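Since every read-out is calculated from the coordinates, none of them should be taken as a lab result. Only a predicted model underlies this, so the values are computations on that prediction, with no experimental measurement involved. Note: ideal-geometry Cβ built from the backbone for every residue, glycine included; neighbour counts use all protein chains shown.
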Amino acid sequence: SNFIDSKYKRVIRDLFVANSHDDLFVFTDQGNVIEVKGYQFNLWNKSISNAISDLGSQNVVSVIKVDTDSIDSYFTFVTKKSMMKHVTVKNMTAERKMKGGNIAVKVEEDDSLIGVVITKDIENDRLVIASNKGRAQNLSASDVSVMLRPTRGMPKATLDEDEEINSITVISKEDIDEALILVATSNGLGKITPLSGIPERRGSSGKRALMKLITLKNNSEMVAAILAKKDDEIVATTANNKTNKISVGLISQSGRNAQGVKLCTLDDGDVLSNISIV
């Protein structure tokens, strides 16, 4: 939920409930997965590197709890260069645990894993990937191939120069009709686009064009695109450790050429770094 320890510049990225013996899958930017039990996170006010050994220079991008409800689901991966794949939850567990984690997805040297989500219904769920350049793609989960754990994904977007995928959101079948995608930019602005306003770019399999979601001004970038509901509240966090809480209902829906509304007031030199549902 993005609470900040300003003394040490530490950010809490996610908040979830886990029991001592729940299986937690920790995914790193280098494409590795480390399996731990819930009790291994029972370290009050400690960094994740103290809870997980052998991380080395790797950064954690996702921590996902697997329970009985998700055992028949899929882990869905995306890298900054739009390489995507599914791996069944059952196939993610490795018999032999390697130092630094086992390979979950092969990542090229100039690429990195940016996110992992749980997809439960490949035939009916939808995925939205978004980039720092304010563009997004709405695709069926069935457009992403199911592969084995150590393999490389397949590219799903045609990216411009200096463009990188930085967000992935899964929308379950029952949420598709009312789904709202909330986007935020580094200059503190945000807007909401209904999923229906991001039409699927059909065509041959493989790469497809991204669609503009928001107009970027003054060298800003889009920092996040998340699934939101009208009664949700979000916290916007800045690089200088300031937070602002705002109701999704106060954020207007607007056209793709709109800049959005102010999510937080920024001091000189500060930028919005992330948004999350609370």
Multiplying the sequence separation of Glu108 and Asp22 by 0.36 nm and subtracting their Cα-Cα distance, what value in nm do you get? 27.8 nm
Two decimals is fine: what is log10 I(q)/I(0) at q = 0.11, 0.14 Å⁻¹ for segment 88-165, from a Debye sum with one equal scatterer on every Cα and no solvent? -0.36, -0.57
Tell me, what is the FRET efficiency for Val271 and Lys245 to the nearest 0.05, using R0 = 22 angstrom and their Cβ-Cβ distance as r? 0.75
Inter-centroid distance (Cα atoms) of segment 199-278 relative to segment 133-183, Å: 16
Which lysines have a Cα less than 20 Å from the Cα of Lys212, not counting those fewer than 8 places away in the same chain? Lys80, Lys81, Lys133, Lys156, Lys191, Lys262
Cα convex hull volume per residue for segment 120-278 (Å³): 133
With label points set 7 Å from each Cα along the Cα-to-Cβ direction at Ser145 and Ile71, the distance between them in nm comes to 2.9
